[in-house]
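Peer 1: Have a look at this one before I ask anything.
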Amino acid sequence: MQQLQEHPKGGVISPLLANIYLNELDWMWAEHNFRFVRYADDFLVFAKTEEDIKKAAEVTKEKLAELGLELSSEKTKFVDFNNDDFDFIGFTFEHWRKRKKDGKPYYIAKPKDTTWKDFRQKIKAKTRKTLTLSKEKWPGQVNPIIRGKVNYFLTIYEAIKCNAQFGFKSS
């Protein structure tokens, strides 16, 4: 998994600006037929062989240098999905396993523990014991937080639907 550092001139780039600025990186990956997922400045690049992932890393570094950016060495990670778990945008992706009953491969994608902790803290902040509201107003306090988290968790479901459109099976 790879993530960009802060902008060289300082400050953090907003997700919208990062998406616009890094379009060239997406185009370059597409030109080289690399499979990838990018959200703002967080991205994954996929390859079947070690040689292919090294090539992907090389051309990624070159394009980022051209854009005046560099990879964060602390956050750059090469993952063997058969053996390694990894985190990406609030989810933990556990490595491939084989089912006991039929030996079919599967993996688990689940929200990170810190994602749940953040959710609980946001609910707690909106439901302080000292806050006196009518029972009609309580849902207005917590529903936006719950709705936002549910929609965020649906990204995995949306990814599975998108894969199906391209003919990729998910289980």
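The values are calculated or read from the model by the stated rules, or taken from the named source; none is laboratory data. Worth saying up front: this structure is predicted, and the values here are computed from it rather than measured. Note that each Cβ is placed from the backbone with ideal geometry, even for glycine, and that neighbours are counted across all protein chains shown. Heavy atoms of the whole protein, side chains included, go into the accessibility calculation; ligands, DNA and RNA do not. Shrake-Rupley method; radii C 1.70, N 1.55, O 1.52, S 1.80 Å.
Peer 1: Quick check: with the 1.4 Å probe, what order do T60, T76, T130, T155 take by accessible area, largest first?
Peer 2: Values: T60 0, T76 35, T130 120, T155 60 Å².
Most to least solvent-accessible, the answer reads T130, T155, T76, T60.
Peer 1: Also, I was wondering about something else. What pairs in K54/K122; K48/K75; K98/K161; K100/K124; K54/K117 have C-alpha atoms more than 29 Å from each other? Each step should come with its number before you reach the end.
Peer 2: Details: K54/K122 41 Å; K48/K75 21 Å; K98/K161 23 Å; K100/K124 40 Å; K54/K117 36 Å.
Pairs exceeding 29 Å: K54/K122; K100/K124; K54/K117.
Peer 1: Sort out for me the Cα centre separation of segment 31-66 from segment 98-160, rounded to whole Å.
Peer 2: 31
Peer 1: If I model a spin label at K137 and Y157 as a point 7 Å from the Cα along the Cα→Cβ vector, what separation in nanometres do I get?
Peer 2: That separation, rounded to one decimal, is 3.2 nm.
Peer 1: Convert each backbone phi in segment 55-71 into a coupling constant with the Karplus relation 6.51 cos²θ - 1.76 cosθ + 1.60 (shift: θ = phi - 60°), then list the ³J(HN,Hα) values in order as whole Hz, x for Gly and Pro.
Peer 2: Ordered by residue, 3J(HN,Hα) equals 5, 4, 5, 4, 5, 5, 4, 4, 5, 5, 4, 4, 8, x, 10, 8, 6 Hz.
Peer 1: Tell me, what % of the accessible area of the chain is carbon and sulfur with a 1.4 angstrom probe?
Peer 2: Details: 6880 of 12530 Å².
Accessible surface attributable to carbon and sulfur in the chain totals 55 percent.
Peer 1: Express the C-alpha Rg of segment 121-162 as a ratio against the empirical globular expectation 2.2 N^0.38 Å, rounded to two decimals. If you can, show how the numbers build up before the last one.
Peer 2: Working: Rg = 14.1 Å, N = 42, 2.2 N^0.38 = 9.1 Å.
Here the Cα radius of gyration is 1.55 times the empirical estimate.
Peer 1: Just read off the accessible area of V142 with the full protein assembly in place, 1.4 Å probe, to the nearest 10 Å².
Peer 2: 30
Peer 1: Oh, and also: Counting only the heavy atoms of the protein chains, how much of K54 is accessible to a 1.4 Å probe, in Å² to the nearest 10?
Peer 2: The value for K54 is about 120 Å².
Peer 1: Using a 1.4 angstrom probe with every protein chain in place, what is the largest-first accessible-area order of H95, H32?
Peer 2: Details: H95 45, H32 70 Å².
Ranked from most to least accessible, the order is H32, H95.
Peer 1: Could you work out the Kirkwood radius for segment 43-83, taking every pair of different alpha carbons, averaging 1/r and inverting it, reported in Å? List each step's numbers first, then the result.
Peer 2: Details: mean 1/r = 0.0899 Å⁻¹.
Radius from the Kirkwood sum: 11.1 Å.
Peer 1: A follow-up question, please. Keeping every protein chain in place, order F166, F46, F86 by accessible area at 1.4 Å, biggest value first, i.e. largest first.
Peer 2: On the way: F166 140, F46 95, F86 25 Å².
Greatest to least solvent exposure: F166, F46, F86.
Peer 1: Based on alpha-carbon atoms only, what is the radius of gyration of the chain relative to the globular estimate 2.2 N^0.38 Å?
Peer 2: Details: Rg = 19.7 Å, N = 171, 2.2 N^0.38 = 15.5 Å.
So the Cα radius of gyration is 1.27 times the expected 2.2 N^0.38 Å.
Peer 1: Label K75 and I108 with points 7 Å out from Cα along Cα→Cβ: what is the distance between them in nm?
Peer 2: 2.6
Peer 1: Now, a different point. Can you give the accessible area of R97 in Å² (nearest 10), computed on protein heavy atoms with a 1.4 Å probe?
Peer 2: The value for R97 is about 70 Å².
Peer 1: Apply the a/c threshold of 1.5 to the C-alpha gyration tensor of segment 70-117 and tell me whether it is rounded, prolate or oblate. Please report the intermediate quantities before stating the final value.
Peer 2: Values: a/c = 4.37, a/b = 1.56, b/c = 2.80.
Oblate is the answer for segment 70-117, as a/c is 1.5 or above yet b/c matches or exceeds a/b.
Peer 1: Assuming a ≥ b ≥ c are the square roots of the Cα gyration tensor eigenvalues, decide whether segment 9-76 counts as rounded (a/c under 1.5), prolate (otherwise, with a/b larger than b/c) or oblate.
Peer 2: Values: a/c = 1.85, a/b = 1.58, b/c = 1.17.
Here segment 9-76 falls in the prolate category.
Peer 1: How large is the accessible surface per residue of the chain, computed with a 1.4 Å probe and reported in Å² as a whole number? Intermediate results must be reported in sequence, preceding the final value.
Peer 2: Values: 12530 Å² over 171 residues.
I get 73 Å² per residue for this part.
Peer 1: While we're here: Rounded to the nearest 0.05, what FRET efficiency do R147 and A125 have when you use their Cβ-Cβ distance and R0 = 22 Å? Don't skip to the end; give the middle numbers.
Peer 2: On the way: r = 16 Å, r/R0 = 0.74.
In this case the efficiency is close to 0.85.
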